[in-house]
Every structure is written in C-alpha cells, then in structure tokens.
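Q: First the structure, which I've put down as structure tokens, then a few questions once you've had a look.
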Amino acid sequence: MIKVFFHVDLDAFFANVEILDNPNLKGKPVIVGGNISRGVVSTCSYEARRFGVHSGMPLLKAKKLCPNGVFLPVRMDRYHEKSKEVMRILESYTPIFHQISIDEGFLDMSGTELLLGTPLVVAKKLKSEILKKTSLPASIGIASTKYFAKMASNFSKPDGLYEIKPKDEISFIRKTPLNKIWGLGEKTIEKINSSGIYNTRDLASLSLNNMQAILGKAAGQFLYNILNAHTDYLFNEVAQSHSISTERTFENDISNIKMLEDILFFLASEIAFRMVEENVNSNTVFVKIRYNDFKTYTAQETGGNILNTLDIFKRVKTLFIKKYEKGKPIRLLGCGILKVEEHQKFQVDLFKNKKDELSEKQKIIEKTALDIAKKTGKNILKRARLIQPDKSNLKE
Ligand code: TTP
Ligand code: MG
C-alpha cells in the first residue's frame, strides 16, 4: 500500500498569534523577538519578510531593514496554548500523529482515502478547520514519505497546500536548488561547490561512490538517497507514538561543550512545557546527536519519574556526555521523553504551581538563551530553515 503523509506547519506562527490577539496588526510587518531569544528575531510576518527580515537575524539589523516594523516580545506561554489547540485538531484526523516542534507535525493518513476522501480534499478540510477553530493559517504538504511531505508544505508556504505524487518525487527534488534541500547545510554545499558542482541536477548524476568521495560516507549516502527519492527511513526515529521530542539543526556546527549543554537545557525546557500541557510523565529520556558528517546517534536511559526541567536536563546531559565524541562538530541536537504515561499515575507533580514555576523556569530559559546569544552574537538555536524552493525552477 502506498503511504500517505501530511506535514502540517503553521505560517509565521508566533507573529500570527500576535496578530490574532491584536487584529490591528493585520497586514503589518510584525517582528517577534527579544524576550526568550533576546537580541534576535524569533519570527516575523510575511509582510516583514519582504524587507529581508528573517528568524535568527539580530533585532538591530531587522530594525534597520524594516524601521516601521511592529516589534513585539516573545510570549511563549501563549504560543504553547495555541499550539496545543492546533495539535488537538491534528490528532483528531489520525491515530498516527507525531508533533515534531511547537508548530508542526506529521500525520500518517495511509489507507484513509475510502473513509475520508482523497488526500487533497482531506487536507483542504483540515486547513480550513484549523483556521476556523484557531484562526491560524497553516500549510500542508502531502507525499508518500515524511521527507517529501515536509518539502511540499514548505514549497507552498504561506497558506499552502501541495501534493508531491510518488512518480514526481525525483523530478521535484532534482529541480530544487541545493540550498533549499532539507538537511543540506552551508558547509556541505561549500564542499559540493568546491568539487565544481553548483546545481542539484549535476549532483544527482553522480554515483554513490563519487558522492561519498566528495562528502564522506554518511553525508554522501544521505544525499544520494534523497536525490534518488529513497526517503522512507527519514524522520522515523521521531515517529514513536508515546514520545515527546524536539530537536534543533544549527546553521553552523557546534563543538563547544558549554554551548551544547546550554542548548540541551533549552530543549529540555521545551519538553517540560509540553509535559505540563499534555499532563503526562515518563521515566525515560533520550538524546539524539547528528555530527557534521551526518552520522546520527541516539541514547536513552530509564530511571525514576521525571521531576522537573532540571531533572530532564541533568539526565539528558549525563547521556549526552557519555555519547558525545568530544570536540566533534555537531549539526543537530535533540532530546525527548519516551514511554509517555498519563500524569495522574504519578505522585510527583512536574510543576507544583504551573504559573509560578513556569515564570521561574522562564527566567532560567531566558538567561540561558541570553548567554548563548552573548557568546555567539546570533541565534544558534535557529532551526535549519525549511526551505522555500525556487518555484520558477520547478516549472517545466
Ligand atoms: P518555523 O515554522 O520555522 O517558522 P514560522 O512558523 O514562524 O514561519 P513559516 O513556517 O511560515 O516559515 O518556526 C516556528 C516558530 O518557532 C516560529 O514562529 C518562532 C520559533 N522560532 C524561533 O524562535 N527561532 C527560530 O530561529 C525559528 C526558525 C523559529
Ligand atoms: Mg511554521
């Protein structure tokens, strides 16, 4: 049976929540940042993007590019509230749903066509239900693998809906510019360029051996698989139904241990937020490390029930230290909890008083983000941007 996946990703998420709460901002260049990720843009409305503003850009630069922009601080609690509303809708469409970040998730819709309708019809209905119930616009990509579903949602953003049929995967990916292929970082593209290759079609004509000679074994294999549309295995490591996970891909590889620990703390806080909201607990944590050569490792540990953010952090940090090959540059860092159970079964509250504790935690998160920003001068928590393939390139 051909698989069908939806990738749903909200458009300009934090900015659209701000616009929802203050409709006067509609149509204006809204720029959110400066609280949790002090000093950098978290995200901005598409109106602001026209001025060249984007996530991770220093706020000062954004102010120069867009002096009339509306600059707003990050209100993480509120975004989590809206995220939860959206995720509840997504979950109601399929039992096989996996949230992969605050505003995106995969739905396995395989075999639902007879019951619900064609994927395009169902996705259209889902988009309008999200808009009607939460007032937030989303983009949906449809494909037979998660990887291509993610490429498809991003391709059609904002307010997008796009399906890549299995027979079109190869031509789609080979028309996508190198810098828009998910998983390809700047460094990898530099290596490709330095071997005299500047476009995806030429790269795709290489044999696996040649690709590995340029990029190394793991990265060469990864890219070869993508360009030949063998992507079934990608994203599967996060697709466990009883888990909560989050990860970040860095613009620049990181090997500074202190910095990596700070990022782990930030990620652990994100998991804690979702544990509170979903009213769950767990006794198993995991970490995921992808090095700059694309080799990916995970490790997990089962102990007592998780107590709080610091507890998750300590446990993932211990795992991380055990697993990390010191000094090796990291591309992606992730963590999460497995074997999630209903909170009621546990005696220990994750947070005694959610509001008070969260604001305390918030301070720690802010301080951590601030420290990171100070060290790097930029937002290293930026996720690898997915990817706005040049649509003109895709026209036959
Ligand atoms: P994204 O889905 O990457 O971005 P977006 O929803 O703002 O815009 P779009 O999907 O239409 O391109 O990230 C979701 C949220 O995560 C975003 O609204 C803010 C936050 N975020 C940061 O705080 N810092 C970052 O560097 C990025 C990329 C996102
Ligand atoms: Mg988004």
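The values are calculated or read from the model by the stated rules, or taken from the named source; none is laboratory data. All of these numbers come straight from a predicted model, not from anything done at the bench. Heads up, the Cβs are rebuilt from the backbone with ideal geometry, glycines too, and the neighbour counts pull from every protein chain shown.
Q: Among the residues of the range 182-210, what is the count of those that are part of a loop (DSSP other than H, G, I, E, B) and free of Cβ contacts under 8 Å to residues at least 40 places away in the same chain?
A: Of all residues in the range 182-210, those part of a loop (DSSP other than H, G, I, E, B) come to 182-185, 195-199, 205-207.
Subsequent filtering for residues that are free of Cβ contacts under 8 Å to residues at least 40 places away in the same chain retains 184, 195-199, 205-207.
Residues that pass the stated criteria total 9.
Q: List every residue pair whose Cβ atoms sit under 7 Å apart, with the two residues 6 or more apart in sequence or on different chains, where the first one lies in the range 313-324 and is closer than 13 Å to Ile271 by Cα and the second, anywhere, is modelled with pLDDT of 95 or more.
A: Val316/Val287
Q: Would you confirm whether or not the range 71-80 contains a residue that is closer than 21 Å to Asp159 by Cβ, of a type outside the set (Ser, Thr, Tyr) and in contact with a helix residue (DSSP H, G or I) (Cβ under 8 Å, 6 or more places away or on another chain)? Break it down stepwise before answering.
A: Filtering the range 71-80 for residues closer than 21 Å to Asp159 by Cβ gives 79.
Add one more test, that the residue is of a type outside the set (Ser, Thr, Tyr), and what stays is none.
Scanning the range 71-80, I find no residue that is closer than 21 Å to Asp159 by Cβ, of a type outside the set (Ser, Thr, Tyr) and in contact with a helix residue (DSSP H, G or I) (Cβ under 8 Å, 6 or more places away or on another chain), so the answer is no.
Q: Here's another thing I want to ask about it. Kindly indicate whether Tyr291 is touching a Pro at 6+ places or on another chain (Cβ under 7 Å) and at pLDDT 75 or above.
A: Details: touching a Pro at 6+ places or on another chain (Cβ under 7 Å): yes; at pLDDT 75 or above: yes.
So Tyr291 passes the test.
Q: Out of the residues in the range 138-180 that are touching a residue at least 24 places away in the same chain (Cβ under 8 Å) and aromatic (Phe, Trp, Tyr), which is nearest to Leu203 (Cα to Cα)?
A: My answer is Phe172.
Q: For the range 315-325: of the residues being of a type outside the set (Ser, Thr, Tyr) and outside any loop (DSSP other than H, G, I, E, B), which is nearest to Tyr224 (Cα to Cα)?
A: Let us first name the residues in the range 315-325 that are of a type outside the set (Ser, Thr, Tyr), namely 315-317, 319-323, 325.
From the residues that got through so far, the ones that are outside any loop (DSSP other than H, G, I, E, B) too are 315-317, 319-323.
Details: Arg315: 36, Val316: 32, Lys317: 33, Leu319: 31, Phe320: 29, Ile321: 31, Lys322: 31, Lys323: 27 Å.
Among them, the one singled out is Lys323.
Q: Is it the case, given these coordinates, that Ser135 is surrounded by fewer than 19 Cβ atoms within 10 Å (Cβ to Cβ), within 10 Å of Phe6 (Cα to Cα) and in contact (Cβ under 8 Å) with a residue 24 or more places away in the chain? Please lay out each step first, then the result.
A: Values: surrounded by fewer than 19 Cβ atoms within 10 Å (Cβ to Cβ): yes; within 10 Å of Phe6 (Cα to Cα): no; in contact (Cβ under 8 Å) with a residue 24 or more places away in the chain: yes.
No; evaluated as a whole, the condition is false for this residue.
Q: Being in a helix (DSSP H, G or I), within 14 Å of ligand 1 (Cβ to nearest atom) and of a type outside the set (Phe, Trp, Tyr) is the filter here, so list the residues in the range 34-60 that pass it. Before you say what the answer is, go through the steps one by one.
A: Applying the first criterion (in a helix (DSSP H, G or I)) to the range 34-60 yields 46-49, 59-60.
Next, from what is left, pick out any that are within 14 Å of ligand 1 (Cβ to nearest atom): 46-49, 59.
The answer is Glu47, Ala48, Arg49, Leu59.
Q: Under the condition of being more than 21 Å from Pro137 (Cα to Cα) and aliphatic (A, V, I, L, M), which residue from the range 69-117 is nearest to ligand 1 (Cβ to nearest atom)?
A: Result: Ile96.
Q: Do any residues in the range 12-29 that are closer than 11 Å to Leu136 by Cα and part of a loop (DSSP other than H, G, I, E, B) have Cβ atoms under 8 Å from those of residues that are among the hydroxyl-bearing types (Ser, Thr, Tyr) and within 15 Å of ligand 2 (Cβ to nearest atom), where the two are at least six apart or on different chains, and which pairs are they?
A: Ala12/Thr43; Ala12/Ser45; Ala12/Tyr46
Q: Within the range 79-88, is even one residue within 16 Å of ligand 2 (Cβ to nearest atom), under 20 Å from Phe235 (Cβ atoms) and of a type in the set (A, V, I, L, M, F, W, C)? Walk me through how you get there before you give the answer.
A: First, the residues of the range 79-88 that are within 16 Å of ligand 2 (Cβ to nearest atom): 79-80, 82-87.
Adding the requirement that they be under 20 Å from Phe235 (Cβ atoms) leaves 83, 86-87.
Next, only the ones that are of a type in the set (A, V, I, L, M, F, W, C) stay: 86-87.
Looking for residues that are within 16 Å of ligand 2 (Cβ to nearest atom), under 20 Å from Phe235 (Cβ atoms) and of a type in the set (A, V, I, L, M, F, W, C), one finds at least one in the range 79-88, hence yes.
Q: Within the range 72-94, is there a residue that is buried (at least 20 other Cβ atoms within 10 Å of the Cβ), more than 26 Å from Gly336 (Cα to Cα) and out of contact with any Leu (no Cβ under 8 Å at 6 or more places or on another chain)?
A: The answer is yes; a qualifying residue exists.
Q: Restricting attention to the range 295-314, which residues are surrounded by 16 or more Cβ atoms within 10 Å (Cβ to Cβ), at pLDDT 85 or above and part of a loop (DSSP other than H, G, I, E, B)?
A: Once the filter is applied, which keeps residues that are surrounded by 16 or more Cβ atoms within 10 Å (Cβ to Cβ), at pLDDT 85 or above and part of a loop (DSSP other than H, G, I, E, B), the range 295-314 yields only Lys295.
Q: Can Leu25 be described as within 16 Å of ligand 2 (Cβ to nearest atom), within 19 Å of Asp159 (Cα to Cα) and either crowded, with 24+ Cβ neighbours inside 10 Å or not basic (Lys, Arg) (or both)? Give the steps one after another, and end with the answer.
A: Values: within 16 Å of ligand 2 (Cβ to nearest atom): no; within 19 Å of Asp159 (Cα to Cα): yes; either crowded, with 24+ Cβ neighbours inside 10 Å or not basic (Lys, Arg) (or both): yes.
Taking the combined requirement at face value, the residue does not satisfy it.
Q: Residues to consider are Asn179, Asn154; find the one that is touching a Gly at 6+ places or on another chain (Cβ under 8 Å), part of a helix (DSSP H, G or I) and surrounded by fewer than 23 Cβ atoms within 10 Å (Cβ to Cβ).
A: Numbers: Asn179 fails: touching a Gly at 6+ places or on another chain (Cβ under 8 Å).
Going through Asn179, Asn154 in turn, the sole match is Asn154.
Q: List the residue pairs whose Cβ atoms are under 7 Å apart, where the first residue sits in the range 101-123 and is at pLDDT below 90, the second is of a type in the set (Ser, Thr, Tyr) and in a strand (DSSP E or B), and the two are 6 or more positions apart or on different chains.
A: Ser101/Thr246
Q: Can you tell me which residue is nearest to Gly185 (Cα to Cα) among those in the range 277-288 that are surrounded by 18 or more Cβ atoms within 10 Å (Cβ to Cβ) and touching a helix residue (DSSP H, G or I) at 6+ places or on another chain (Cβ under 6 Å)?
A: Out of the qualifying residues, it is Val287.
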